[in-house]
Amino acid sequence: MAAMSEAIGSTVSQDSPHVLYVAWGYPPSRGAGMYRALATANAFAKTGWRVTVLTATHDTFERLTGSDPDSEKYIDPHIRVVRIPYAPGLGERDLRKWSRAHVYSPVLWNFARWLLSRLPFPEGGYGSWKVPLTTAATEIHRESPVDLVVGSANPNVDFAPGMYLHRKHGIPYVMDYRDAWHLDVYSGKRLGTRYSRSRRVERRLIDGASEAWFVNRAIRDWHAAEYPSRAEHFHVVANGFDPSFFDTLPDRQRDPDRELTFGYLGTIYGPIPLRETLDGWRIARTESPTVARSKLVFRGRLGHFAEPDPIAAALLREYESDDVAYLGPASKSQVSEVYRGFDALLLVIGRSKYITSGKVFEYAATGLPIAALHHPETAATEVLSGYPLHFAVPEPTPRHIADALIATAEAAAGQTTAEVEQMKKWAAHLSRDAQLLPRVTALRAQFAPTAGARP
């Protein structure tokens, strides 16, 4: 496999079933979906599968999304990782490596690249990756026959190797939807028509899949209504928190006069009510002495790409005089340290019954008071139902947000270490293993008897 980088890890046992896991957002990707991909592959290895991960090269992430090199340290050592390049010219800053067409008109070059990418697979930009992915998957299967393929979207082209190996060799495949392909999870509207090429491809994929996974019940139910004949094969496999990233928090003593640090950890992007949150913070500081002597810290990426979102950056700078600070992204290996520096958390999410957000699971795992600054219909509400230190808003307006922040501040100022531990015990059912292992174990039971029977 000349185009592939050297694989890492070793096999568990040649008699173990072999799963090929296809994921764009795998370490060292800095995207939010990386955590699910990392945990899923590790869960397969933990339950005795031989795991091969097919993903993009390090250079791809460095050019397009930014990378988190420390995240690779958490890959199970038994996992074999195969990396293939994606769109080498995209995001390249060295003009000496540009083609003549690229130099002549970068705009036309990008448009032509996007248009041509849809020919192999109906997904703008990513469709061109189908052939390299299926070629690599074929070679992996030739070297060590595969018993199961799991594709993790998005991009949805990650589903293509599963369908390809199923057609060629009868290998079963699972579709793991981290998001949705034809559902706009923010508006709830359908993307494209029922008769579009991408919709027809999705139907063929779902018709052939052994299972499809969705991150919450609302998205699962939407797809069940779209594909009722396959609904019994649809499962909710929620996100979760990773216990290994949560060390013991420092001792906390009741002190209503101490300075607090409110924290937000996650991607900061367009649909979240960021300005409303900052306005609410400003109001709360005028009404609560506890909030007035506290600070608000944001950690995470500004937008989804390698270059920070200038609009979000400017907005955060606008409120610096109100003790608001943006301290940059945090590596997976820094998560525990970041949470140790917080006394209370802000859960800021866009309005949608289809949005859960991965951070809600981590937030609950800290045991800290949470100001839930999102509309109640957002799916994260269900996750936090029953969490005692959950301060929600009826709608994310500055006034309601200020009230929630004041209540959260009072709870944080009086919280003890014993109370933190009590909250963490409540959150134990939200761990990543609790969400993933039932489905992974079920697949192991289904495919382990056939391991060794090769096409």
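The values are calculated or read from the model by the stated rules, or taken from the named source; none is laboratory data. Model, not experiment: these values are computed from the prediction. Glycine gets a Cβ as well: all are built from the backbone with ideal geometry, and neighbour counts include every protein chain shown.
Structure notes:
- Residue count for the range 414-431, restricted to those that are more than 29 Å from the chain's Cα centre (by Cα) and either in a helix (DSSP H, G or I) or under 10 Å from ALA364 (Cβ atoms) (or both): 4.
- The C-beta contact set for the range 37-53 (first residue under 17 Å from PHE447 (Cα atoms), second residue small (Gly, Ala, Ser) and assigned to a helix (DSSP H, G or I), distance under 6 angstrom, 6+ apart or interchain) comprises VAL51/ALA41; VAL51/ALA45.
- Filter pass, VAL149 being in contact with a Pro (Cβ under 7 Å, 6 or more places away or on another chain), outside any helix (DSSP H, G or I) and either more than 30 Å from THR47 (Cα to Cα) or at pLDDT 85 or above (or both): yes
- Residue that is nearest to ARG439 (Cα to Cα), among those in the range 199-221 that are in contact with a Leu (Cβ under 9 Å, 6 or more places away or on another chain), of a type outside the set (Asp, Glu) and crowded, with 19+ Cβ neighbours inside 10 Å: ALA212
- Here ILE370, ILE355 are screened, and the one residue that is surrounded by 23 or more Cβ atoms within 10 Å (Cβ to Cβ) and either touching a His at 6+ places or on another chain (Cβ under 7 Å) or among the basic types (Lys, Arg) (or both) is ILE370.
- Residues that are under 15 Å from SER210 (Cα atoms) and of a type in the set (A, V, I, L, M) were ranked within the range 167-187; the one that is surrounded by the most Cβ atoms within 10 Å (Cβ to Cβ) is MET175.
- For the range 300-322, the set of residues classified as in a loop (DSSP other than H, G, I, E, B) and farther than 17 Å from VAL348 by Cβ consists of PHE305, ALA306, GLU307, PRO308, listed by residue number.
- Some residue of the range 375-382 being closer than 23 Å to SER244 by Cα and either outside any strand (DSSP E or B) or within 26 Å of the chain's Cα centre (by Cα) (or both): yes
- Qualifying residue in the range 245-256 (condition: buried (at least 16 other Cβ atoms within 10 Å of the Cβ), at pLDDT 90 or above and of a type in the set (A, V, I, L, M)): no
- Failed item in (1) on the phi > 0 side of the Ramachandran plot; (2) surrounded by fewer than 17 Cβ atoms within 10 Å (Cβ to Cβ), with GLY266 passing the rest: (2)
- Scanning the range 260-297 for residues that are touching a Ser or Thr at 6+ places or on another chain (Cβ under 8 Å), β-branched (Val, Ile, Thr) and either without any contact (Cβ under 8 Å) to a residue 60 or more places away in the chain or part of a loop (DSSP other than H, G, I, E, B) (or both) yields one hit, VAL297.
- Residue match in the range 318-339 (condition: farther than 15 Å from ASP242 by Cα, crowded, with 24+ Cβ neighbours inside 10 Å and over 21 Å from the mean Cα position of the chain (by Cα)): no
- Residue match in the range 127-142 (condition: at pLDDT 85 or above, of a type in the set (Phe, Trp, Tyr) and buried (at least 18 other Cβ atoms within 10 Å of the Cβ)): yes
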